[in-house]
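Take a look at the structure below.
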Amino acid sequence: MIDSLIQVMTIDEKVGQLVLYTPRGHDSLSGPALSPEQEQLIRQGGVGGIFNLWGAHATRAAQKIAVEQSRLKIPLLFGLDVIHGYRTIFPIPLAEAGSWDTALVERDARVAAAEAAASGVNWTFAPMVDIARDPRWGRIAEGSGEDPLLGSLMAAARVRGFQGEDPARETSIAACAKHFAAYGGAEGGRDYNTVDMSERTLREVYLPPYRAAVDAGALTVMSSFNEIGGVPSTGNHALLTGILRNEWGFRGFVVSDWTAVTEMIAHGVAGDTAEAAALAFNAGTDQDMESGAYRFFLSRLVREGKVSAARLDEGVRRILRVKYALGLFDDPCRHISGDRERSTLLSPDHIAGARDAGRKSIVLLKNGRGVLPLSKNLRSIAVIGPLADDRTDPLGPWDGLGRPEDVVTLVEGIRSALPPSTRILYAKGCALDDADRSGIAPALEAAKSADAVVLAVGESREMSGEAASRSTLDLPGIQNSLVEAVAGAGKPVVLVLMNGRPLSIAWAEAHIPAILETWFLGVQTGNAVADVLFGDYNPSGKLPVTLPRTVGQVPYYYNHKNTGRPPVDTTKYTSRYIDLPSSPLFPFGFGLSYTTFEYGDMTVSPGAIDSAGTVTVGIRVKNTGARTGEEVVQLYVRQDAGSVTRPVRELKGFLRVTLAPGESRRVEFSLPGRDLTIYDAAMRRVVEPGTFTVYIGTNSRDVTEGRFSVKKR
Ligand code: NOJ
């Protein structure tokens, strides 16, 4: 059917399918709206998809123009950045990755899809699956952190969630794995910057999550803004055609990032817009987001023979296939429903899910003197800080249609968790990012007159996300002064961090007894944090990213190489800084619970396998505390000696156990030989014979180790 359609299309109609367009008009009631010229373009078959148009009313009207008034009646795609929720805003992806719970992440993506679909959006520019090793990069907030395995599992879960079992279902939307590739490897963490890395690092660290998204069936992929080793991704044939299509068998379409096609002129690989269009399209970028290069030049390029007719047909075929998979040819308005829009957006189920996701994303970093959980019988509690009663920033970057009035602030969450008799003393203390100190003294007064203090500091949501790189990881403004002042009040203080990236909090770590990393948790922030503060939920989150001591350490990640001179803090000629301990503030995988877990002896059997065999690695985990708790037990491996150097540790699996006080359970991992596959010196994929150290632990640092070997087959 698709081929017969392509046969009757004119060149201009074909090019139209490759154009993604943004509405320029605005309707004061329903939001973005198409201009009369844009409507005319749809009638002429000049547009394949529209970006940033939503709402059942507006999308249905646009779809009707396409399928009733255009010659070939090809339905439109409606794309939007539905990153961590559509109207019900969930925790940012980095936070959710800290749940290490793929079922939860899949469920939240499903909810986002159901809400977006009802509103007419049938395509999201998510999941963002870029590995990030540099927290200066603001977009670390949108991904799943630094680890390829965790990142891959989260990528696949999100694709499954958005697309459901069948993308044509009325609650499903098409996913878009982005930004292909290695966008997170930008120099200095500066957004849009140069990426220059070895093929080994690219393939072993950065590519696996995109591959996982493709294998999970992602219908589309977005090319990235950056170059890799001299070739911008949008014009990178080896990447978009060689790896993505030929190696991985991707059958969907590739959309460029916003104006990335014409940005190849600034990159310096295209002399003008026509050259940029030819370069991008011939490399494998099928659809042009917003730059206009395809719209204005592609037909001519085809007529001049600079782009082949076969390539044009292939691009169109890929796009039509996605529309077909979404069921749009059967029923172009299938997903759109004003009734469902009214009943699903912010439905009680969705809000309950956001609260659950919020509390499961929180990481307990420190709990000195058992300050947490706080008692609900306190007479008074001071809730202090610029984020304590903030209803905008907790939405985080890329908040879809999220609204401040949907957000439960921390003060509100605490209020509803406590009996009416508890006094809540709120003091802002200072702004997130200015120098006005006048609020600090009143905040200190509030702290002194309360039984306990909850202090909420961090970043504004504009400080992470796109084009929001920072040169420091410190708390912005004078928030450190506020933290220092409140710490001096002599009361039990719980620091609640809200932020889109790891922050350097060394002073707080040394002086504040209890610290919760909450990232940005979305609409249920206050309730989710209160659940943890008062022990209604026992935290189980684990860091999806290393927390460095200071920005000077970055890039800093757990799966680094050993070097010939691994750091020894007391030895001069080793690989370290002379002014810092050679360790992060908190390692990857770290997270405490209100109970304690003890790890017993480890068993590894058999002691030797060949590459087709499987090692079973087991350990007994016991809950030695007084509360039921969940632990994410982590498995890491190191190849002791290979044909090439290997990371000191690599995550190979994790399992979640829930244990009652005193209960113990044996946790067993199956580690198949194929999971030890590496690229050898000649970039062949191999499992090399030799010895391997295997680690099980509560994070990437605190582990028990064992050994096995791989014999030649
Ligand atoms: C640019 C961003 O890099 C990308 O992630 C996003 O999907 C597009 N803009 C559209 O908003």
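The values are calculated or read from the model by the stated rules, or taken from the named source; none is laboratory data. Note that the coordinates shown come from a computational prediction; the quantities given were computed from them, not determined experimentally. Neighbour counts are summed over all protein chains in view; Cβ atoms, including those assigned to glycine, are modelled from backbone coordinates with ideal geometry. Areas reflect the complete protein model, heavy atoms only, side chains present, ligands, DNA and RNA absent. Shrake-Rupley method; radii C 1.70, N 1.55, O 1.52, S 1.80 Å.
Worth pointing out:
- Among the candidates 46, 55, residue that is more than 16 Å from the ligand (Cβ to nearest atom) and at positive phi: 55
- Taking the criterion of being away from the ligand (no atom under 16 Å from the Cβ), open to solvent by less than 10 Å² (accessible area, probe 1.4 Å) and within 21 Å of residue 498 (Cα to Cα), the residues of segment 136-172 that qualify are 145, 146.
- Residue count for segment 254-292, restricted to those that are in a helix (DSSP H, G or I), within 16 Å of the ligand (Cβ to nearest atom) and open to solvent by less than 10 Å² (accessible area, probe 1.4 Å): 2.
- Test: residue in segment 694-705 that is closer than 29 Å to residue 621 by Cα, over 30 Å from the mean Cα position of the chain (by Cα) and surrounded by 13 or more Cβ atoms within 10 Å (Cβ to Cβ): yes
- Checked against (1) in contact (Cβ under 8 Å) with a residue 60 or more places away in the chain; (2) over 25 Å from residue 139 (Cα atoms); (3) touching a helix residue (DSSP H, G or I) at 6+ places or on another chain (Cβ under 9 Å); (4) open to solvent by less than 40 Å² (accessible area, probe 1.4 Å), residue 416 meets all criteria but (4).
- Selection within segment 63-112 - among the small types (Gly, Ala, Ser), within 16 Å of the ligand (Cβ to nearest atom) and either part of a helix (DSSP H, G or I) or surrounded by fewer than 24 Cβ atoms within 10 Å (Cβ to Cβ) (or both): 109, 112
- Residue in segment 304-332 that is least open to solvent (accessible area, probe 1.4 Å), counting only those that are assigned to a loop (DSSP other than H, G, I, E, B) and among the charged types (D, E, K, R): 331
- Residues in segment 419-437 that are assigned to a loop (DSSP other than H, G, I, E, B), closer than 17 Å to residue 455 by Cα and not acidic (Asp, Glu): 428, 429, 430, 431, 432, 437.
- Residue in segment 436-449 that is under 30 Å from the mean Cα position of the chain (by Cα) and either open to solvent by less than 10 Å² (accessible area, probe 1.4 Å) or among the hydrophobic types (A, V, I, L, M, F, W, C) (or both) present: no
- Evaluated against (1) surrounded by fewer than 20 Cβ atoms within 10 Å (Cβ to Cβ); (2) hydrophobic (A, V, I, L, M, F, W, C); (3) touching a helix residue (DSSP H, G or I) at 6+ places or on another chain (Cβ under 9 Å), residue 651 falls short on exactly one condition, (1).
- Any hit, segment 143-160, residues being touching a strand residue (DSSP E or B) at 6+ places or on another chain (Cβ under 7 Å), of a type in the set (Lys, Arg), within 25 Å of residue 98 (Cβ to Cβ) and in contact (Cβ under 8 Å) with a residue 12 or more places away in the chain: no
- Scanning segment 173-199 for residues that are assigned to a loop (DSSP other than H, G, I, E, B) and open to solvent by 50 Å² or more (accessible area, probe 1.4 Å) returns 190, 192, 196, 198.
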